[in-house]
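> I am attaching a structure below and will ask some questions about it afterwards.
The values are calculated or read from the model by the stated rules, or taken from the named source; none is laboratory data. Everything numeric in this text was worked out from a predicted model, so none of it was measured. Here Cβ is always computed from backbone atoms with ideal geometry, including for glycine, and neighbour counts include all displayed protein chains. Ligands, DNA and RNA are stripped out before the accessible areas are found, and what is left, the full protein with its side chains, is counted by its heavy atoms. Shrake-Rupley method; radii C 1.70, N 1.55, O 1.52, S 1.80 Å.
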Amino acid sequence: MDRESSDEEDDRQNLIDQNERITKSPRRSAFHIDEFKDRIGNGCRFSLSSFSFNKRYLYAIFLPLFIVIVYFTTDIKNLFQTSVSNIKFDSSINLMRESELRALYLLRQQQLGLFKLWNNTFVPELNSTVVNPVNSTSNNSNLSPNLHDLLSSPFSSSALFQDFKSAVFNQISLNKQIQQVLLSSHQSGNSLDLADNVTDPGLGGYGALDRCRKVDQKLSERRTIEWKPRSNKYLFAICLSGQMSNHLICLEKHMFFAALLNRILVIPSSKFDYQYNRVLDSDHINKCLGRKVKLKSLGISMNKLEPAWVEDTNKPKKRTVQDVMAKFSSDDDVIAIGDVFYADVEQEWVMQPGGPLAHKCKTLIEPSRLIMLTAQRFVQTFLGERFIALHFRRHGFLKFCNAKKPSCFFPIPQAADCISRVVERANTPVIYLSTDAAESETTLLQSLVVLNGKTVPLVKRPARNSAEKWDALLYRHGLEGDSQVEAMLDKTICAMSTVFIGSPGSTFTDDILRLRKDWGSASLCDESICQGEQPNFIADDE
């Protein structure tokens, strides 16, 4: 009974305590967040325990399904093959790079060997020894075997010696180009010392300056004739073939004929020929010869013109001084022998440096003083001491060249490659461009003339600008805009260049070469564009 009373009391106490806890808590809303969390939490614990019990069955169902899907949607074979091929490809790249680096090493060793050969062969004192190596009294016992053998043979006293020097020089240049090509694909290439080039001291003081040195024209050994005209005997110059350059060649030959016949040369009126006084210095000719041998124009009437010789201009016959004297010796006061542009009379004598006439100047036929000064001012303004001049004839030249075998008309990319090689040999920073080409051609040419990754500037004469004073003399004397004056100005600038590249078959180029020979500015590197090559593409005939 007591026990029961005690239990009841305990139960009652518990109920009272529980009721008290409920009444002490604050009043709750119909939807209490905490209570909902507790319920949800209890429910989740129950569900997760059930899921953990059944997940092995899910694995058993979904894993095979996943494998089947992967098998049918993925090419496992190609996947592994691609991975293997990538590994092989990466290995091939590494092998190629190793081979390139090995090639660079070998080229470097070859370069050092070529420099050694150059320095052992082309010492500065060689010039005095090579002139006459057989009779030389100098002691050659201390020279290297290769040099001793070279000096002991006729090889050294001929042009072959210069060819040998050129060959060694070209190999050094080619070696450097190959190294640069191989290095272009290597980021680490800059770590190699490739500073050696054709102007380095490693070439023993030679290089571009020696390679492209001036040609000794041996003017003192010229074969000449005195021009002593009779005061009342005249030769009337007639030049009709081609443009100004052709007429100048014709005029030069007329001077030779006038000297042979002891006559004063009469220049025709500008009504019938060019205004020579605008481009040539007539007084210069008389001054150089020490007497008056050339007149500007006279009012002369002539009988009907008849050919003195029947000639095929494509295949003119070779004539001698005796032929000229026998045909044209006359007591007539005035004679004319016609256009002699194509005349083949004593060519070696007439075309020698300085010309065939005895005189005290470098050349008789040269640009006027105004053109000379303007050319000098242009060079000082735009070009400087060292530059290449390029006569790049294009207008009307395609058909002309393709009629020749081989053709002399080169595609722009091939021409650019040839020009770049000359630039490297000459080691000049800029090119003067004398051309009649369209802008489309010159723009492409400019983009392709590259040396050591840098574009070499092509400079043309700009249009007149009052802010520029280099052409002020022509402007003040009313010569600006004259096409023949501008052509002679181009020739003069080209003739002043360090190295000249001409267009084969062009009399414009021929006249520049004449001036360079007479002035002593001709270089060993002067050449026709792509000399020794043929165009890599030639169009069919019409």
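> Within region 521-542, which residues are of a type outside the set (Phe, Trp, Tyr), open to solvent by 30 Å² or more (accessible area, probe 1.4 Å) and over 30 Å from Thr381 (Cα atoms)?
Hits for region 521-542 are Gln531, Gly532, Glu533, Gln534, Asn536, Ile538, Ala539, Asp540, Asp541, Glu542.
> Moving on to the next point. Any chance you could count how many residues in region 239-281 are among the aliphatic types (A, V, I, L, M) and open to solvent by 30 Å² or more (accessible area, probe 1.4 Å)?
Looking only at region 239-281, we keep the residues that are among the aliphatic types (A, V, I, L, M), and these are 240, 244, 248-249, 251, 255, 258-261, 264-267, 279-280.
Then drop every residue that is not open to solvent by 30 Å² or more (accessible area, probe 1.4 Å), which leaves 240.
Residues that pass the stated criteria total 1.
> Would you point out which residue out of Ser420, Ser440, Ser447, Ser434 is surrounded by 15 or more Cβ atoms within 10 Å (Cβ to Cβ) and without any contact (Cβ under 8 Å) to a residue 40 or more places away in the chain?
Ser420
> For the structure I just gave you, tell me whether Ile337 is crowded, with 20+ Cβ neighbours inside 10 Å, out of contact with any His (no Cβ under 6 Å at 6 or more places or on another chain), β-branched (Val, Ile, Thr) and at pLDDT below 90.
yes
> Of all residues in region 479-494 being out of contact with any strand residue (DSSP E or B) (no Cβ under 8 Å at 6 or more places or on another chain) and open to solvent by less than 50 Å² (accessible area, probe 1.4 Å), which is farthest from Gln243 (Cα to Cα)?
Among residues in region 479-494 that are out of contact with any strand residue (DSSP E or B) (no Cβ under 8 Å at 6 or more places or on another chain) and open to solvent by less than 50 Å² (accessible area, probe 1.4 Å), the one farthest from Gln243 (Cα to Cα) is Leu479.
> Moving on to the next point. Limited to region 497-520, what total is found for residues that are in a loop (DSSP other than H, G, I, E, B) and surrounded by fewer than 21 Cβ atoms within 10 Å (Cβ to Cβ)?
4
> Restricting to region 168-224, and then to whatever is more than 19 Å from the chain's Cα centre (by Cα), small (Gly, Ala, Ser) and part of a loop (DSSP other than H, G, I, E, B), can you tell me which residue is modelled with the highest pLDDT?
Top of the filtered list is Ser184.
Residue by residue, here is whether (1) over 22 Å from the mean Cα position of the chain (by Cα); (2) surrounded by fewer than 22 Cβ atoms within 10 Å (Cβ to Cβ); (3) outside the structural domain of Asn452 (by the TED database); (4) not aromatic (Phe, Trp, Tyr) holds:
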site	(1), (2), (3), (4)
Lys362	yes, yes, yes, yes
Arg377	yes, yes, no, yes
Glu385	no, yes, no, yes
Ile388	no, no, no, yes
Phe400	yes, yes, no, no
Lys404	yes, yes, no, yes
Gln414	no, yes, no, yes
Ala426	no, no, no, yes
Pro429	no, yes, no, yes
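> Being at pLDDT 85 or above and open to solvent by less than 40 Å² (accessible area, probe 1.4 Å): is that true of Leu235 here? First the steps, then the outcome.
Working: at pLDDT 85 or above: yes; open to solvent by less than 40 Å² (accessible area, probe 1.4 Å): yes.
When the stated conditions are applied, Leu235 passes them.
> Moving on to the next point. With the requirement that a residue be assigned to a loop (DSSP other than H, G, I, E, B) and free of Cβ contacts under 8 Å to residues at least 60 places away in the same chain, what does region 314-329 give you?
Correct list: Asn314, Lys315, Pro316, Lys317, Thr320.
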